[in-house]
Amino acid sequence: MSAVSAEESGTLRAAVIGASGIGKHHAKWYHLAGCDVVAICGSSQATAEKTAQALADLFGFRGTPYCDIEAMLAKARPDVVSVCTPVHLHREPAIAALRAGAHVMCEKPLVLDTAKDRATLVAEGEEICSTAEAEDRLLAVNTQYVAGAEQYVEWVLEGERPAAIHSLLSQMESRGAHGPVQGEKIWIDLGSHPLSTLMGLVPDGEMRGDTLRCEIEEKCVVAQFEYVSPTTGTCDVEIVVRNRPEGDLVRRFGINGKLMDYEGRNDEQGVFCAYLTHEGRETKRPDFVQVSLERFIAAARGEGEGVLATGRDGLKNLDMQLAILERGKHSG
């Protein structure tokens, strides 16, 4: 059954599958962007109702909580759906929402299950992308640090990308989504973000697999490889992701030695924003997730410049993330 179109309803009807974690931020940004958040879906009716109350406190959510995805899609008829379930549960709800006529924003990575091999996971990601194309629906992946790459180009590079990109460094540290993470879990949790900045800064590049090196340690993963672009040449890439339970987190990236640090924090009005610093200067920009959702919403309305990262972008990101993880495991 097709979703109610934006033209028919006047306001996009939004739903979130898995709204207790990052999904609550999707719901909030949908609301603030003028969408009608009509439903959420949880793993049980009890958890869905608990999340619904939390969202009511957060922004006045009055939609319906569900624990059955098919029932939610049939009854709530959303135009746009965010899939924010645990990553190993992305595939089925994304496909169900697309087939129900909704445009889909999927959390990163597109799919990932450590019990499955790379070929199987890439095939599952391809199935989601192919379904979106067959249904003529938008599929976006929330690799939101593409927004950071765009802001870097605008602010640090003053809007001009260099003719040649020789090096890229990306460092990202985290406390861990559910407490400290170790080994390959660090890469699964964080790896798509530095890869999304790489793809944002060198959009036509490809990783040279024969140059790939990866070391997986207890609290740190270091990946190095060459990334070849027909327009900006060969770039030496170094990505460092680390679990840091205490102390200030380091999050930075840049090309050709021009590095930018960034962090997310509330501004004076309590709005969560991205704060960028470079050579002693600081600027406040919209939160990367906010940019990602707003671009997706505009595209669903037939407006704007398109989604920040397409399903195909997410699939390329996933394949690189899995290739790096494979090499790290073999190196160990």
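What the table shows:
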{"quantity": "Test: residue in the stretch 200-212 that is on the phi > 0 side of the Ramachandran plot and either surrounded by fewer than 21 Cβ atoms within 10 Å (Cβ to Cβ) or touching a helix residue (DSSP H, G or I) at 6+ places or on another chain (Cβ under 6 Å) (or both)", "calculated": "no"}
{"quantity": "Test: residue in the stretch 300-315 that is surrounded by 14 or more Cβ atoms within 10 Å (Cβ to Cβ) and over 15 Å from the mean Cα position of the chain (by Cα)", "calculated": "yes"}
{"quantity": "Count of the stretch 97-115 residues which are at pLDDT 95 or above, out of contact with any Leu (no Cβ under 9 Å at 6 or more places or on another chain) and surrounded by fewer than 24 Cβ atoms within 10 Å (Cβ to Cβ)", "calculated": "0"}
{"quantity": "Entirely in the stretch 214-332, the strands (runs of 3 or more DSSP E) that have 3 or more residues that are free of Cβ contacts under 8 Å to residues at least 40 places away in the same chain and under 30 Å from residue 158 (Cβ atoms)", "calculated": "220-229, 258-266, 272-278, 281-286"}
{"quantity": "Residue 300, sole failed condition from (1) over 30 Å from residue 80 (Cα atoms); (2) of a type in the set (Gly, Ala, Ser); (3) touching an Asp or Glu at 6+ places or on another chain (Cβ under 9 Å)", "calculated": "(1)"}
{"quantity": "Subset of the stretch 151-173 (residues that are within 21 Å of the chain's Cα centre (by Cα), of a type in the set (D, E, K, R) and surrounded by fewer than 19 Cβ atoms within 10 Å (Cβ to Cβ))", "calculated": "154"}
{"quantity": "Some residue of the stretch 175-186 being of a type outside the set (Lys, Arg), assigned by TED's automatic domain parsing to the domain that holds residue 326 and surrounded by 22 or more Cβ atoms within 10 Å (Cβ to Cβ)", "calculated": "yes"}
{"quantity": "The stretch 228-239, subset surrounded by fewer than 18 Cβ atoms within 10 Å (Cβ to Cβ) and not small (Gly, Ala, Ser), residue nearest to the chain's Cα centre (by Cα)", "calculated": "238"}
{"quantity": "Residues located in the stretch 125-150, provided they are assigned to a loop (DSSP other than H, G, I, E, B) and buried (at least 20 other Cβ atoms within 10 Å of the Cβ)", "calculated": "137, 142, 143, 144"}
{"quantity": "Exclusive hit being surrounded by 15 or more Cβ atoms within 10 Å (Cβ to Cβ), among the aromatic types (Phe, Trp, Tyr) and either under 29 Å from residue 114 (Cβ atoms) or under 16 Å from the mean Cα position of the chain (by Cα) (or both), set 225, 272", "calculated": "225"}
{"quantity": "Boolean, residue 46 is at pLDDT 95 or above, within 24 Å of the chain's Cα centre (by Cα) and more than 20 Å from residue 87 (Cα to Cα)", "calculated": "no"}
{"quantity": "Residue that is farthest from residue 107 (Cα to Cα), among those in the stretch 151-194 that are in contact with a Ser or Thr (Cβ under 8 Å, 6 or more places away or on another chain), among the charged types (D, E, K, R) and assigned to a helix (DSSP H, G or I)", "calculated": "184"}
{"quantity": "Filter result for the condition that a residue is surrounded by fewer than 18 Cβ atoms within 10 Å (Cβ to Cβ) and touching a Cys at 6+ places or on another chain (Cβ under 8 Å), over 258, 329, 284", "calculated": "284"}
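The values are calculated or read from the model by the stated rules, or taken from the named source; none is laboratory data. Every value quoted in this text rests on a predicted model; they were computed, and no experiment measured them. Every residue, glycine among them, receives a Cβ derived from its backbone with ideal geometry; neighbour counts consider all protein chains shown.
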